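Below: the structure, in structure tokens.
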Amino acid sequence: MASIIAVVNQKGGVGKTTTAVNLGSYLAAKGKFVLLVDLDPQANATSGLGIDHRALTAGLYEAMLGQAKLKDVILTSQVDGLKVAPSTQALAGAAVELVDVERREYRLSDAIMEVRNGFDYILIDCPPSLGLLTLNGLVAAERVLIPVQAEYYALEGLSQLLGTIDLVKNSLRPDLEVMGAVLTMFDARNKLSGDVMGELHKFFPNKIFESVIPRNVRLAEAPSFGRPIAQYDPWSKGARAYENLAKEIIELEHAV
């Protein structure tokens with residue numbers, strides 16, 4: 001059965017979707033069967049893999065509302081071994097429509113259980129909020145990966161995020177664990193980046209990934225071409241960083 005990892009940070013612009021897309025592509029490159037679940041109504045993970053979400057007639061929204069089976073909306077990406085449960089514009093209304101639905105926090109978890117045996121990893125790209133969609137992502141997951149931007153303000157919301165994770169763990173998903181934090185947009189020339197890394201160790205003692213994602217122009221360009229960095233520029237610093245992160249996660253899973 002797949003290892004299910006939610007990629008979460010309620011702050012936008014921290015490299016969350018970039019991490020989900022590129023980690024998924026490198027896990028697939030290492031022979032793993034991966035499903036990327038785009039839980040963000042902005043659909044950036046979907047478009048980042050070259051899929052036009054505006055042209056889709058069904059996606060994750062329909063699966064969560066029970067209007068379609070998840071297996072029927074999953075699409076094959078251009079990356080061998082990486083499939084996508086796409087987001088569509090309709091997902092923006094799901095948080096409102098799910099309010100009165102039975103087992104509303106478990107809608108994504110229930111949908112994923114139908115396909116879990118077909119994958120080694122399921123990565124959930126959560127929206128930049130702590131609303132009902134992110135709650136569904138946390139309840140569906142076993143572990144949480146937290147991308148943190150190497151800037152001071154990026155640390156401010158971590159206490160709230162960790163509080164939400166504890167709440168989910170205590171009341172909805174007892175086996176949910178923080179897998180670790182990964183530092184993104186790191187600039188070695190900037191003293192602040194080093195200071196942020198030091199502060200991160202206070203939030204996540206012994207749970208900081210060694211792989212540090214640099215601030216990299218090629219990483220920023222790749223989504224506009226609908227390609228992960230492994231295809232767009234595999235020799236860039238950003239590509240090597242995400243490849244190393246995939247190695248770390250595989251090693252961590254084997255150690256569990």
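The values are calculated or read from the model by the stated rules, or taken from the named source; none is laboratory data. Just so we're clear, the structure is a prediction, and the values are computed from it rather than from any experiment. Heads up, the Cβs are rebuilt from the backbone with ideal geometry, glycines too, and the neighbour counts pull from every protein chain shown.
Here are a few things to note about the model shown:
- Inside region 22-57, residues that are in a helix (DSSP H, G or I) and touching a residue at least 24 places away in the same chain (Cβ under 8 Å) make up a count of 15.
- Qualifying positions in region 67-126 - among the polar types (S, T, N, Q) and surrounded by fewer than 17 Cβ atoms within 10 Å (Cβ to Cβ): Q67, T76, Q78, Q89, N117
- Matching residues, region 19-59, being of a type in the set (S, T, N, Q), more than 20 Å from V73 (Cα to Cα) and in contact with a helix residue (DSSP H, G or I) (Cβ under 6 Å, 6 or more places away or on another chain): N22
- Filtered residues of region 150-172 (kept if within 21 Å of P214 (Cα to Cα) and either part of a helix (DSSP H, G or I) or in contact with a strand residue (DSSP E or B) (Cβ under 9 Å, 6 or more places away or on another chain) (or both)): A150, Y152, Y153, A154, L155, L158
- Every condition in (1) in a loop (DSSP other than H, G, I, E, B); (2) closer than 24 Å to E97 by Cα; (3) of a type outside the set (A, V, I, L, M); (4) over 16 Å from the mean Cα position of the chain (by Cα) holds for D175 except the one numbered (2).
- Selection within region 58-90 - touching a residue at least 24 places away in the same chain (Cβ under 8 Å), in a helix (DSSP H, G or I) and out of contact with any strand residue (DSSP E or B) (no Cβ under 8 Å at 6 or more places or on another chain): Y61, E62, M64, K71, Q89, A90
- Condition met for G24 (modelled with pLDDT of 95 or more, surrounded by fewer than 20 Cβ atoms within 10 Å (Cβ to Cβ) and small (G, A, S)): no
- Subset tally (residues that are touching a strand residue (DSSP E or B) at 6+ places or on another chain (Cβ under 7 Å) and without any contact (Cβ under 8 Å) to a residue 60 or more places away in the chain) for region 224-256: 2
- Residue in region 190-209 that is of a type in the set (S, T, N, Q), closer than 16 Å to L23 by Cα and surrounded by 17 or more Cβ atoms within 10 Å (Cβ to Cβ) present: no
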